[in-house]
Every structure is written in structure tokens, then in C-alpha cells.
1. Would you be able to say whether some residue in the range 60-70 is over 30 Å from residue 186 (Cα atoms), buried (at least 17 other Cβ atoms within 10 Å of the Cβ) and over 19 Å from the mean Cα position of the chain (by Cα)?
2. Out of contact with any helix residue (DSSP H, G or I) (no Cβ under 6 Å at 6 or more places or on another chain) and under 14 Å from residue 147 (Cβ atoms) - does that describe any residue in the range 15-34?
3. Looking at the range 48-55, is at least one residue modelled with pLDDT of 90 or more and exposed (fewer than 15 other Cβ atoms within 10 Å of the Cβ)?
4. Just one of 138, 155 is buried (at least 17 other Cβ atoms within 10 Å of the Cβ), on the phi < 0 side of the Ramachandran plot and either in contact with a strand residue (DSSP E or B) (Cβ under 9 Å, 6 or more places away or on another chain) or part of a loop (DSSP other than H, G, I, E, B) (or both); which is it?
5. Which one of 44, 78 is modelled with pLDDT of 95 or more and crowded, with 18+ Cβ neighbours inside 10 Å?
6. Please go through the range 66-81 and give me each residue that is part of a helix (DSSP H, G or I) and under 18 Å from residue 19 (Cβ atoms), ordered by number.
7. Being outside any helix (DSSP H, G or I) and within 28 Å of residue 56 (Cβ to Cβ) narrows it down to one of 150, 116, so name that one.
């Protein structure tokens, strides 16, 4: 999906207020924003996101900057090299926090499937097709794990995930999911042994998600 400067501006506007606990209405008219000199920053940011082809999640990226700067930040920071480091650190922190408690694991998996289902329906593919999409290049699944769109915890719900991951190019695994084996063993063990999470490790759970997506594609 191609991201527009308008989308970047809208998310920037929303997240800079949200970081201070303020909810604002969605922007409907961008005319005034486009008249300002800093509009070029939103154009360049959109271009950067699109060039990186899914390795940066623009919503998480802007959210990371808004939280780091405790609210409003200059649009110029959207295209600053240091902002990428802030984003990377933020994604790592999110992943670490996702295993702090049973509830955080459950929430991270549920939110991941919401994202996956939405992505699959928008791109007209099943979840199995999604897991194998672009696997000869940089698998879409690994991009989404790496950019914070989905949590690594989701791998514990997919029975044949080791076969799928091992079919990816090894150099890509090393770059995007080098700790796969360790994470898989840890999260799978947690899901299987905890009464509140065991249903997530049942093959039926994944099949239900897959069937739901397929029903929406008919």
C-alpha cells in the first residue's frame, strides 16, 4: 500500500496530540497544511516509507516519535536519521513489553491477528498465502514482525511456522528474525502450559482465523 503525504500528516496530527492524552478529530482538509513550508517534510517522509517497502510501519514510526518527544515535534524530525533509531528502539521495547504478563501476551496476539486479517482482506490473500508472500525476497510476514506491525508472539499460534520460516532465505532470517528458534520455544511453551492462553496454541484457533479471512474473500 502506498502511503500519501496526507496520511503522514493526519497520523502526525493525531499522534502528537494523543501523546498528551488529547483526542482530536481527523483532518479533512489539508489546504492550510500544504501552504506551509514544512509540508515538504510530510512529502519526503511518505517517500521514505514507500521506498522502504514495508520495513517501516508509518503509524508506529510516528507514534514512537510522538512518545519520545512527549507530544508535538517538528515535522523535520520525520526525515531525521536519528528518528529511525528512536523507532527501532521503540519497536524493541514494545516486543519486550509484550511478554511482561499473560494479559500482554494475549493482547499482543489478538492485535497481531487484527492487523493480519485486515492486511489479508485488503490484499485479497489467505493467511497461508500471507505467510508465504514474497518469501523468495523479503517475506512480508518478516517485514511486519520487524517493523512492529505484529508481535513475535503470534508465531506460537501457527503449528507449521518452523517449516514456513525455514523456507525463507537464511540471510533474510538472520537480518529480520535471527532469534526465531529461541522466541518460538519460549512463547510456544508459555501458550501450551498456561490455562488462559492454551486455546491460542490449539490448531483450531489458527484455522478459525484462516476460515474467517477466506469467508471475507468470497
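The values are calculated or read from the model by the stated rules, or taken from the named source; none is laboratory data. The shown structure was predicted, so the numbers you read here are calculated from the model rather than taken from an experiment. Neighbour counts run over all protein chains shown; Cβ positions are idealised from the backbone, glycine included.
1. no
2. Checked the range 15-34: no residue is out of contact with any helix residue (DSSP H, G or I) (no Cβ under 6 Å at 6 or more places or on another chain) and under 14 Å from residue 147 (Cβ atoms).
3. So far as the range 48-55 goes, yes, one or more of its residues are modelled with pLDDT of 90 or more and exposed (fewer than 15 other Cβ atoms within 10 Å of the Cβ).
4. So the residue among 138, 155 that is buried (at least 17 other Cβ atoms within 10 Å of the Cβ), on the phi < 0 side of the Ramachandran plot and either in contact with a strand residue (DSSP E or B) (Cβ under 9 Å, 6 or more places away or on another chain) or part of a loop (DSSP other than H, G, I, E, B) (or both) is 138.
5. 78
6. Across the range 66-81, the qualifying residues are 66, 67, 68, 75, 76, 77, 78.
7. One residue alone meets the criteria, 150.
Yes/no per residue for (1) buried (at least 18 other Cβ atoms within 10 Å of the Cβ); (2) out of contact with any helix residue (DSSP H, G or I) (no Cβ under 6 Å at 6 or more places or on another chain); (3) closer than 23 Å to residue 54 by Cα; (4) outside the structural domain of residue 125 (by TED's automatic domain parsing):
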position	(1), (2), (3), (4)
144	yes, yes, yes, no
147	yes, yes, yes, no
159	no, no, no, no
168	yes, yes, yes, no
171	no, yes, yes, no
179	no, yes, yes, no
